[in-house]
1. Given springs between every Cα pair under 10 Å in a Gaussian network model of the chain, which of Lys307, Lys265, Lys111 has the largest fluctuation?
2. Given a Förster distance of 22 Å, report the FRET efficiency between Ser291 and Val255 from their Cβ-Cβ distance, rounded to the nearest 0.05.
3. Among Ile29, Ile323, Ile158, determine the one that fluctuates most according to a GNM of the chain built with springs between C-alpha atoms less than 10 Å apart.
4. Of the residues Thr285, Thr193, Thr66, which exhibits the maximal mean-square fluctuation in a Gaussian network model of the chain defined by a 10 Å Cα contact cut-off?
5. Leu299 to Gln353: extension gain in nm, 0.36 nm per residue of separation minus the Cα-Cα distance?
6. Calculate what fraction, in whole %, of the accessible area of the chain sits on carbon and sulfur atoms when a 1.4 Å probe is rolled over the protein chains.
7. Skip the ligands, DNA and RNA, and give the accessible area per residue of the chain with a 1.4 Å probe, whole Å².
8. Going Cα to Cα from Lys32, which aspartates and glutamates come in below 14 Å? Please leave out same-chain ones fewer than 8 positions away.
Amino acid sequence: MKAVRYYGKEDLRVEDIPEMEMRADAIKIAPKFVGLCGSDLHLYYDGGEGNGGNSATTPHPLSGETLPVTFGHEFSGVVEEIGADVTTDIKVGDSVVVEPLMVCGECPACKAGDYNICEKMGFIGINGRGGGMSEHLVVEPRWVHPVGDLPLDQAALIEPLSVAYHAVRNTGAQAGQTAVVGGAGPIGLLVATVLKAEGLKVIVSELSEARKQKALDAGVDVVVDPSKEDLATRVREETNGVGADVAFDAAGVGVVVHQLLASLKAKGLLEIVAIHVRPLEIDVTGELTFSEKSVQASLGYANDHAKVIELVRNKGIDLSQFITGKIAPEDIVDKGFKQLHDDAEHQVKILVQM
C-alpha cells in the first residue's frame, strides 16, 4: 500500500510499504482525511528530537519503532474489517475517527484514567503503529469512535477539537461565565468554539486581521487587538468591572500569558493549552497571590472523543469553516507544510485527502 513516511527533518516520502497485519483483537480502517497540525509542522521543520518524535536509532518504548514511521495522527476513515475477537457496535462501512494514542496502561496516570499523561505515551502517526497517511491501518478497538453521518472531512477535526474540549473541561467552565482566549490560531479557534457551544461569553485576543475575522465568523462575542487596546481594560468593560472567570493561553507567548492573567477576576483561572518552547517568568506574588489566581495546564485528551462527537452533533457545530485546504499526499510539502509555514495567518486546518 502507499503511505507518507517520515524519515526526519524535511524528509517525507510517499512509498509503497507492506500493509499492517490484521489481528483478531483489532479493527482495520481505510483513512480518508488527515489534518496537518503544529506538531507535524515542528517535526517536519525541526526534526523529531525534542519534538515528541522518534529518532533513527532509539525506538519508542511502546511501539518499538525507529524512523521512518507512517505520518498522520488527526484522521477520519471507514471501517474495513473487524477482528473475530472484537466485541463492538461498530460495523464494517461505518465512518469513524481514531484517538491516536499508545499508552502503557501500567503507570500511575494510566491507572487513574489520565492516560493522556502516560509516562510512555506516544502517538499513532508520530511514534509508529501506522498512521493516517496510508491506505489502511490496524488499531485497537478502544481508540475507534463512530461519527455517524458527520462528513469525513469535518470528522478529521475531532482530534484537535478534543484537545480544545479537554482544556475547557479541565477548567470546569460553566455556561454564563466569561472566558478570554489568547490567540486565534487553530487551537484557539477550537477552544472558542467549544466555549460558545457550552454557553460562555467568549472574548478573543488576536493581532492578525485574518484570524480576527475567523474568530468573528466562528461566533465569538468580542475580538480584541491587544496592540490597539488594553486587553484587561476591555475585559473589565465587558464584565461590569469584574474580569473574566477563565482564560486560555493558545498562543504560547509570554506576553499573552501576562495579559490574560491581568484580564482575570480575583480567583480566576488561566489554562495553558499552548506548548511553550521557552521558560516563562511569572510574578507569583503580584500576578497570582494577591488575587488568588491560579494557573494550570492541559495536554491532549482522555475520555473526550465520544463527548466531543456528541457535542458537535447536538450543537450543530460546523467544522467545515475551519478547513482551509484539501491536498493530495504528494503535495503535502508544497501545498501543506509550506502553506502553514509561510501563510499561517490565513490557514486553519489543511487536510490531506487519502
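1. Residue with maximal mean-square fluctuation among Lys307, Lys265, Lys111: Lys111.
2. According to the calculation, E is roughly 0.70.
3. Sorting by GNM fluctuation, first place goes to Ile323.
4. Sorting by GNM fluctuation, first place goes to Thr285.
5. Extending this stretch completely gives an extra 16.7 nm.
6. Whole-percent figure for carbon plus sulfur exposure: 48.
7. Per residue, the chain has 43 Å² of solvent-accessible surface.
8. Within the straight-line cut-off, Lys32 pairs with Glu74, Glu80, Asp94, Glu135, Asp153.
The values are calculated or read from the model by the stated rules, or taken from the named source; none is laboratory data. This one's a predicted model, so the numbers in the text were calculated from it and none came from an experiment. Using ideal geometry, Cβ is built from the backbone for each residue, glycine included, and neighbour counts are taken over all protein chains shown. Areas reflect the complete protein model, heavy atoms only, side chains present, ligands, DNA and RNA absent. Shrake-Rupley method; radii C 1.70, N 1.55, O 1.52, S 1.80 Å.
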